[in-house]
Every structure is written in C-alpha cells, then in structure tokens.
Amino acid sequence: MAPKITGFDYQRIAVADQVELNVAVGGSGSPIVLLHGFPQTHLMWRHVAADLAADHTVICPDLRGYGDSDKPADADGTTYSKRTMAADIVTVARTLGHDRFALAGHDRGALVAIRAGLDHPDTITHLASLDVLPTLDMWDVMHGVTAAVGFHLYLMAQPPGLPEKMIAATPDFFFAHFLDTWTHDPAAIPPEFRAAYLTASAAAIPSIVADYRASATIDLDHDRTDRTTGNHLRMPVTVLQQDWGAALGFDAPALWKPWAPNLTHTTVTSGHFMAEESPATVTQAIRALLTR
C-alpha cells in the first residue's frame, strides 16, 4: 500500500465526465492547494502540507494522469492541456466549498498553477511556483548543448507511440534517473516514497507523456495568446528556483516579471525537489506569500 500524508483525509472528487482525482485534505482555515510535479505524486508535499495544516485547509490532489487519479486517454490533444488540468483544480476546490484559494505548484504542477492563475484570476488569491519557467519561456531558453538537461521535454514532445514505447521498455530506470540526478540530498526521498513515485509513474506512462506533449503544442498556443493580449498573473506571485539561468544563460526574474508584476523571486540552493529537500524554506516562502 502506498504511503499517505499523516493526518489527512482522502477522497475522490469528480472533475469531469468519468474523471476523478485522488485528493488529500487536512487542517482548517483559509484554503491552499498544493500541486505536485514529475515524476511524483501529492506525497511530495507531505512536510509542507503538515506544517501549513496548522492554520490552513490544505488540499493536495494527484493531478489527472498521475498517482491514484484517473488517467483518461488523450483523444484530441486537449485532455492534458494545462487549461484542462487547471479547471480540474478549480472544480476540486469548489467541490470542497472554496470559491477562492491560494495555489502552489512544483514542476508540472507549477505549470498547472500558472495556467489556473491566468484563466481564473478571480479564484486564485496567491500563487507560488517552484522551479519552472512559464512554458513559452521554457522553450525559448532551451538551445544548444545546454538543452541536453531537458532531453525528456523533447522526447515526450514526439508524436504518439515512440516516447511511450521507449519509456515503457525500462520505466523504473527512466523515472529513477530524474529522482536521482535532480536531488542534491538523496535522503530527502526515503525508499518508501521513491518506490511509490516509481510505481505510480510506471502505471501512468501514456498520460505523463500526454501532459508533456501538451506543453509542446496546445499549452504554447495558450501562452502565445496571453502574451499577445497582455494577460498576466494579477495576484501576488512567489517563485522559488534553482539557478538555471546561470546554467542556460537567462535572467529568470526578468522572464517572470511580464507574467507576474507583483513578483517575489528567490534563487534556492537545494535540488529540484525542494519541498522535500528544504521544506522549511518552501513553507516559509508560502507563508510570506499569503501575507501579501
């Protein structure tokens, strides 16, 4: 049996026709939703969620296509658009009685959070993004041999069939690569959680690939429209990132500022999985965001 967040209640919440999300809920007070990244599940938030639950209602879903949430087939390229996934999260919160809420996301979950903030500005009160750039900027900074660090982005952008088959040939090896190489402190992901991530990811290869493929197709279209029309994040935004700018040659705060005029940007020294490696830093940043 997969581990759970201690003290949290679990339920399945319908977000669309024949699509339910696995959701952990704990604490009481003003609501905050925490969205996980790749190749993980809601469990990556276990430390931060437990801390925030002291004075907030904390909602931790598995994104559609991940963990114990449903994994619908991607028939038309929209099923795993960040617009669709963001709508899922708004539905989850409203089902739980929250028409407005704060939102924090890591990695893939951060892209969903950004889209939720752009599409639902009257619903998202505060937004925290951990270790991503907005999709349009992410592709713009990937160039030359330095782009090798994001090889999986290009692999999963390929047409249906090739990436799914390649990953399915050695799923544990593939997904473990990211857990191992993106972590500065391996002890931050204990064996039982590492095993849970690998098991969940191996069972979700088509939907994970569809999520990434959307970021090379429909998500870019949505970002381009926002850039053209001047749509931006109207709520206070906090960004925590590793110093990818030094490695890839870009100014992260400068890229973020047009999207988020009310921005606090912090460079961290932990690895990519900062909510597990430096949960106190992440929790402190989120608490500071909620006071803005």
Taking the stated definitions as given, is Y197 over 22 Å from I114 (Cα atoms), under 16 Å from the mean Cα position of the chain (by Cα) and not basic (K, R)? yes
So the check is Cβ under 7 Å with 6+ separation or different chains; which pairs have a first residue in region 206-230 that's over 18 Å from S69 (Cα atoms) and a second one that's among the polar types (S, T, N, Q) and part of a helix (DSSP H, G or I)? S215/T135; D219/T135; L220/T135; D223/T135
Please work out if F178 is open to solvent by less than 20 Å² (accessible area, probe 1.4 Å), over 28 Å from P31 (Cα atoms) and assigned to a helix (DSSP H, G or I). yes
Subset of region 183-206 (residues that are in contact with a Gly (Cβ under 7 Å, 6 or more places away or on another chain) and open to solvent by less than 40 Å² (accessible area, probe 1.4 Å)): T183, A200, A204
Mind listing whichever residues of region 181-214 are more than 15 Å from H42 (Cα to Cα), β-branched (V, I, T) and part of a loop (DSSP other than H, G, I, E, B)? T183
What tally of residues in region 155-175 results from selecting those that are assigned to a loop (DSSP other than H, G, I, E, B) and surrounded by fewer than 19 Cβ atoms within 10 Å (Cβ to Cβ)? 6
Unmet criterion (only one of (1) without any contact (Cβ under 8 Å) to a residue 24 or more places away in the chain; (2) farther than 22 Å from Y154 by Cβ) for L240: (1)
Collect the residues in region 228-251 that are part of a helix (DSSP H, G or I) and modelled with pLDDT under 95, keeping them in residue-number order. W244, G245, A246, A247, L248
Does at least one position in region 222-242 carry a residue that is within 30 Å of E192 (Cα to Cα) and open to solvent by 70 Å² or more (accessible area, probe 1.4 Å)? no
Taking A280 as meeting all but one of (1) in contact with a Leu (Cβ under 8 Å, 6 or more places away or on another chain); (2) aliphatic (A, V, I, L, M); (3) more than 28 Å from D223 (Cα to Cα), write down the number of the exception. (1)
Within region 89-107, tally of residues that are in contact (Cβ under 8 Å) with a residue 12 or more places away in the chain and either farther than 26 Å from P279 by Cα or open to solvent by 10 Å² or more (accessible area, probe 1.4 Å) (or both): 7
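Yes or no, residue by residue, for (1) modelled with pLDDT of 95 or more; (2) within 20 Å of T181 (Cα to Cα); (3) within 14 Å of the chain's Cα centre (by Cα):
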residue	(1), (2), (3)
A104	yes, no, yes
V112	yes, no, yes
L118	yes, no, no
D122	yes, no, no
T125	yes, no, no
T135	yes, no, yes
A148	no, yes, no
L162	yes, no, no
Given the conditions (1) crowded, with 18+ Cβ neighbours inside 10 Å; (2) out of contact with any His (no Cβ under 8 Å at 6 or more places or on another chain); (3) more than 17 Å from T238 (Cα to Cα); (4) of a type outside the set (F, W, Y), and given that D119 satisfies all but one, which numbered condition is not satisfied? (1)
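The values are calculated or read from the model by the stated rules, or taken from the named source; none is laboratory data. Because the structure is a prediction, the values reported are computed rather than measured. Backbone-built Cβ (ideal geometry, glycine too); neighbour counts: all protein chains shown. SASA here: full protein model, heavy atoms, side chains in, ligands and nucleic acids out. Shrake-Rupley method; radii C 1.70, N 1.55, O 1.52, S 1.80 Å.
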